[in-house]
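> Have a look at the structure that comes next, please.
Coordinate-derived values only; no laboratory data. Keep in mind the model is a prediction, meaning the values are calculated, not measured. Note that we place each Cβ from the backbone using ideal geometry, even for glycine, and neighbour counts take in every protein chain shown.
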Amino acid sequence: QQQWEWLGDMAAKHKLTSSSKALRCCINCVALGDAKEPGSSLGQSWNGKGEGATKSVELSKEQAAWMEAKRNDAIGVVQACMEMDEYTVFGVIRCKKSIAECEGAQDAVRNIAEKHCKGDGEV
């Protein structure tokens with residue numbers, strides 16, 4: 001439960017579209033080596049009772065394949081990210097495509113402009 005609430009809080013704070021997007025940021029952070037890979041969190045669950053509670057999330061094929069290949073679970077990945085500076089997790093643009101095509105980069109540029117734009121597009 002605590003991990004899912006944290007994802008929701010981070011999504012709101014960093015202007016992400018959903019908790020799923022926040023989870024994808026965590027997965028990318030860990031998968032690309034910016035966070036240590038988590039140990040097993042078997043026996044934990046989203047509801048904190050060790051029961052098989054599930055959450056519906058959207059992952060890319062690559063993220064799902066990485067999670068399966070590494071035998072990582074979402075709770076462990078989120079816990080690893082919770083122990084880091086949140087700007088390392090959510091403030092770094094991690095894209096496989098060019099910046100012009102990367103939705104995350106475009107969102108980041110818009111967020112920066114909203115916060116710091118002086119007018120006429122100057123940042």
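> Compute the signed sum of charges (Lys and Arg +1, Asp and Glu -1) over the other residues within less than 10 Å, Cβ to Cβ, of S20.
After counting each charged neighbour, the total is +2.
> Determine, for each peptide in 18-29, 74-85, 58-69, 2-13, the mean count of other beta carbons within 10 angstrom over its residues, then list the peptides with the highest first.
Put in order of decreasing packing, that is 18-29, 74-85, 2-13, 58-69.
> Which distance in nm do the two modelled labels at T88 and S18 give, with both placed 7 Å along the Cα-to-Cβ direction?
Using points 7 Å along Cα→Cβ, the separation is 2.8 nm.
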